[in-house]
Amino acid sequence: MTDIERVGVVGCGQMGAGIAEVCARAGLDVRVAETTGEALELGRSRLINSLHHVTERGKISEAERDATLERLSFTTDLGELADRDLVIEAVVENEQVKLEIFQVLDQVLTRPDAILASNTSSIPLVNLAVATTRPQQVLGVHFFNPAQVQNLVELIPALTTSEETLRRSEDLVVRVLGKHSIRAQDRSGFVVNALLIPYLLSAVRMFEAGVAAREDIDNGMEQGCAHPMGPLKLADLIGLDTVVSVAASMYEEYKEPLYAAPPLLQRMVSAGRLGRKTGAGFYTYG
Ligand SMILES: C[C@H](O)CC(=O)SCCNC(=O)CCNC(=O)[C@H](O)C(C)(C)COP(=O)(O)OP(=O)(O)OC[C@H]1O[C@@H](n2cnc3c(N)ncnc32)[C@H](O)[C@@H]1OP(=O)(O)O
């Protein structure tokens with residue numbers, strides 16, 4: 001039996017909302033924290049809309065939806081996460097911001113063996129761990145977008161993480177959330193992004209060089225390799241700013257040219273064309 005029943009999620013953007021939904025649907029008591037009332041309202045509607053959507057699609061009953069909503073609470077005060085057994089941080093990929101959150105959570109969590117997890121794709125977990133007084137209880141729990149649909153969670157122990165923390169987290173992810181888990185070392189990109197990001201960057205370089213139209217690049221991989229979506233569509237789904245920031249951290253770590261974001265991608269981010277979330281990236285969205 002898991003000893004994790006009360007979960008906190010910090011950040012209610014596309015990943016945080018998805019993670020909170022997965023946890024609440026699995027029967028956990030979930031409290032979501034955001035920085036401002038406005039961000040919280042946006043996140044809350046994102047989550048509620050998604051629950052209504054899965055109910056309409058017949059994946060859960062109306063009673064299950066209502067019970068899931070009952071298990072969700074929202075706050076703008078990290079102090080209200082004090083009684084949580086596990087907190088998953090899913091805020092912007094900015095090390096300073098994450099460090100501050102980890103330091104606050106470390107102070108407010110009352111349970112001595114509470115686990116502090118990050119959904120980071122790129123920040124070294126050990127940096128977050130040593131910023132707390134419980135480095136043995138900090139690890140990476142990395143979901144994939146959309147978290148409600150993708151089956152995988154990467155578990156990333158820092159050098160300081162205890163086997164007990166890893167075991168408890170794995171039990172939660174696999175047995176309670178029903179996800180598949182893989183373990184990876186605390187190296188930039190872990191397993192999936194280390195393989196995926198160079199592929200996405202190659203597709204952008206191919207498009208930039210005029211080798212093929214964006215639709216042909218995407219259709220090539222969808223029809224030729226049975227990928228659910230081609231690389232340019234997928235970059236738009238992930239968010240071009242996230243692709244650039246994960247690539248930058250991998251480049252920083254390995255200095256391999258294949259991890260360097262091509263100029264077109266950098267320019268699109270500067271222009272605010274971040275993909276689906278801003279309505280325009282390689283494609284435009286209604
Ligand atoms: C960068 C990070 O660190 C790591 C990452 O996240 S890497 C990115 C990993 N993600 C991927 O590779 C995504 C690849 N694409 C896919 O799996 C699929 O194209 C997709 C699930 C996004 C959409 O699937 P597709 O069949 O094209 O569309 P659609 O029919 O709308 O959706 C399929 C199902 O997923 C559900 N779904 C899609 N997007 C959803 C979302 N945002 N939230 C909840 N459910 C969603 C739909 O409701 C639908 O369910 P149903 O058919 O059972 O009702």
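The values are calculated or read from the model by the stated rules, or taken from the named source; none is laboratory data. Keep in mind that this is a model prediction, so the values were computed, not measured. Glycine also receives a Cβ, built like all others from the backbone with ideal geometry; neighbour counts cover every protein chain displayed. Heads up: the accessible areas ignore ligands, DNA and RNA and are worked out on the full protein's heavy atoms, side chains in. Shrake-Rupley method; radii C 1.70, N 1.55, O 1.52, S 1.80 Å.
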Subset of segment 167-194 (residues that are open to solvent by less than 20 Å² (accessible area, probe 1.4 Å), within 15 Å of the ligand (Cβ to nearest atom) and outside any loop (DSSP other than H, G, I, E, B)): Asn193
Where Asp106 falls short, out of the listed (1) open to solvent by less than 30 Å² (accessible area, probe 1.4 Å); (2) within 23 Å of Val176 (Cβ to Cβ): (2)
Tally, over segment 107-146, of residues that are polar (S, T, N, Q) and more than 16 Å from the ligand (Cβ to nearest atom): 7
Members of segment 1-21 that are open to solvent by 10 Å² or more (accessible area, probe 1.4 Å) and either among the aromatic types (Phe, Trp, Tyr) or within 12 Å of Arg71 (Cβ to Cβ) (or both): Glu5, Arg6
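Residue check: is Ile217 away from the ligand (no atom under 14 Å from the Cβ) and open to solvent by less than 30 Å² (accessible area, probe 1.4 Å)? Working first, answer last.
Numbers: away from the ligand (no atom under 14 Å from the Cβ): yes; open to solvent by less than 30 Å² (accessible area, probe 1.4 Å): yes.
Taking the combined requirement at face value, the residue satisfies it.
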Search result, residues across segment 249-267 that are touching a helix residue (DSSP H, G or I) at 6+ places or on another chain (Cβ under 8 Å) and within 16 Å of the ligand (Cβ to nearest atom): Met250, Tyr251, Tyr259, Ala261, Leu265
Residue tally, condition open to solvent by 60 Å² or more (accessible area, probe 1.4 Å) and either under 12 Å from Ser73 (Cα atoms) or near the ligand (Cβ under 10 Å from one of its atoms) (or both), over segment 42-57: 6
Odd one out for Glu62, checked against (1) of a type in the set (D, E, K, R); (2) more than 18 Å from the chain's Cα centre (by Cα); (3) open to solvent by less than 20 Å² (accessible area, probe 1.4 Å): (3)
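Out of segment 225-235, which residues are in a helix (DSSP H, G or I) and away from the ligand (no atom under 11 Å from the Cβ)? It would help to see each step written out before you state the result.
Going residue by residue through segment 225-235, those that are in a helix (DSSP H, G or I) are 225, 231-235.
Those that are in a helix (DSSP H, G or I) and away from the ligand (no atom under 11 Å from the Cβ): Cys225, Leu232.
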Among (1) open to solvent by less than 50 Å² (accessible area, probe 1.4 Å); (2) touching a residue at least 12 places away in the same chain (Cβ under 8 Å) - the single one Ala67 does not satisfy: (2)
Lone qualifier among Met268, Met206, Met221 - being free of Cβ contacts under 8 Å to residues at least 60 places away in the same chain, among the aliphatic types (A, V, I, L, M) and in contact with a Leu (Cβ under 7 Å, 6 or more places away or on another chain): Met268
